[in-house]
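*Asks:* Pasting in a structure now, in structure tokens, and then I'll have a few things to ask.
The values are calculated or read from the model by the stated rules, or taken from the named source; none is laboratory data. Values in this document were obtained by computation on a predicted structure and should not be read as measured data. Don't worry about glycine lacking a Cβ; one is built from the backbone with ideal geometry, like all the others, and counts go over all protein chains shown. Heads up: the accessible areas ignore ligands, DNA and RNA and are worked out on the full protein's heavy atoms, side chains in. Shrake-Rupley method; radii C 1.70, N 1.55, O 1.52, S 1.80 Å.
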Amino acid sequence: MHTTITPFTLTFWKGERPPGKPRPRGWQGTSPEYGDIRVLWPAPPHVDERIATQVSGDLIPTVTLETRGIHAELLVLPSLNRSTVRVGDGLVSLSRNRFAMTKRGRSLRMTYLGDHYRLTAIDRKAYTLARTPDADDPGAVLTVRQSGLGKSKKVSVQANGRVLPADLALAVLFSGIDRAVLTRGGAVRAGIARISHFWAETYTP
């Protein structure tokens, strides 16, 4: 189902901390066309060397990005390094050029059920998810932008073109992901942070 969507906003939420588990948090709101939408991190199951973000909603598929590896223990949000994306039970193919000089060149490229996507940073708090046009469909571009501070934080979503449920779920998913590596400066800062955490964890008495 392709649908032209009305711009909408997701607001920040924070749940109660379950005993022995991390506090859930994320974004929630309502799309006039696709109903209630929730972004959750860290998403269960809570196991060692894994952190995940999950999107669920009334009329969109459940989508999950999980990061696995020893570095996951140091993350507040899942990152694009060593990550896996699933739409329902379907695996999404991921690729990116870590050494590209431009934001477009560093885009995360995804393929799901024959559709090709490109996630590109606008700046530190905004990005686009584009579904590539093909012979049967002109494609779509969704723009997601975070603003505000503290409890007033929010995410705005707008789109050009007719949007599929998977388009929307994938677009809002990355509002709960560390996207720093999509820019050169962000990748450098993320690398320094990982090294600092590693040394602190390894050598602090």
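*Asks:* Identify all residues within the range 12-46 that are touching a residue at least 24 places away in the same chain (Cβ under 8 Å), open to solvent by 70 Å² or more (accessible area, probe 1.4 Å) and over 24 Å from residue 140 (Cβ atoms); write none if there are none.
*Replies:* 21, 46
*Asks:* Any residue in the range 152-164 that's among the small types (Gly, Ala, Ser): show its pairings with residues that are open to solvent by less than 40 Å² (accessible area, probe 1.4 Å) and not in a strand (DSSP E or B) at Cβ separation under 7 Å, as long as the two are six or more apart or on different chains.
*Replies:* Within 7 Å, the pairs are 159/5; 161/139.
*Asks:* Right, another one. Check 111, 102, 120 and return the single one that is without any contact (Cβ under 8 Å) to a residue 60 or more places away in the chain, β-branched (Val, Ile, Thr) and in contact with a strand residue (DSSP E or B) (Cβ under 9 Å, 6 or more places away or on another chain).
*Replies:* Just one listed residue meets the conditions, 111.
*Asks:* Given the conditions (1) modelled with pLDDT under 95; (2) at positive phi, report the number of the one that residue 47 does not fulfil.
*Replies:* Single failed check for residue 47: (2).
*Asks:* Additional query: Working only within the range 82-101, note down all residues that are open to solvent by 30 Å² or more (accessible area, probe 1.4 Å) and of a type in the set (Gly, Ala, Ser).
*Replies:* 88, 93, 95
*Asks:* Restricting attention to the range 23-34, does a residue exist that is at pLDDT below 95 and farther than 19 Å from residue 171 by Cα?
*Replies:* The answer is yes; a qualifying residue exists.
*Asks:* If you go through the range 120-141, how many residues are assigned to a strand (DSSP E or B) and under 16 Å from residue 104 (Cβ atoms)?
*Replies:* Filtering the range 120-141 down to residues assigned to a strand (DSSP E or B) leaves 120-123, 126-131, 134, 137, 140-141.
Still in the running and under 16 Å from residue 104 (Cβ atoms): 120-123, 126-131, 141.
The number of residues fulfilling the criteria is 11.
The rows are residues; the columns are (1) of a type in the set (S, T, N, Q); (2) open to solvent by 60 Å² or more (accessible area, probe 1.4 Å); (3) under 21 Å from residue 43 (Cβ atoms); (4) over 16 Å from the mean Cα position of the chain (by Cα).
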{"residue": "103", "(1), (2), (3), (4)": "no, yes, no, yes"}
{"residue": "145", "(1), (2), (3), (4)": "no, yes, no, no"}
{"residue": "148", "(1), (2), (3), (4)": "no, no, no, yes"}
{"residue": "169", "(1), (2), (3), (4)": "no, no, yes, no"}
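*Asks:* Counting just the residues of the range 60-81 that are crowded, with 18+ Cβ neighbours inside 10 Å and within 12 Å of residue 47 (Cα to Cα), which one comes out farthest from the chain's Cα centre (by Cα)?
*Replies:* That would be 72.
*Asks:* Given the criteria at pLDDT 95 or above and either within 17 Å of residue 167 (Cβ to Cβ) or in contact with a Pro (Cβ under 7 Å, 6 or more places away or on another chain) (or both), does residue 121 qualify?
*Replies:* Numbers: at pLDDT 95 or above: yes; either within 17 Å of residue 167 (Cβ to Cβ) or in contact with a Pro (Cβ under 7 Å, 6 or more places away or on another chain) (or both): no.
It is false that residue 121 is at pLDDT 95 or above and either within 17 Å of residue 167 (Cβ to Cβ) or in contact with a Pro (Cβ under 7 Å, 6 or more places away or on another chain) (or both).
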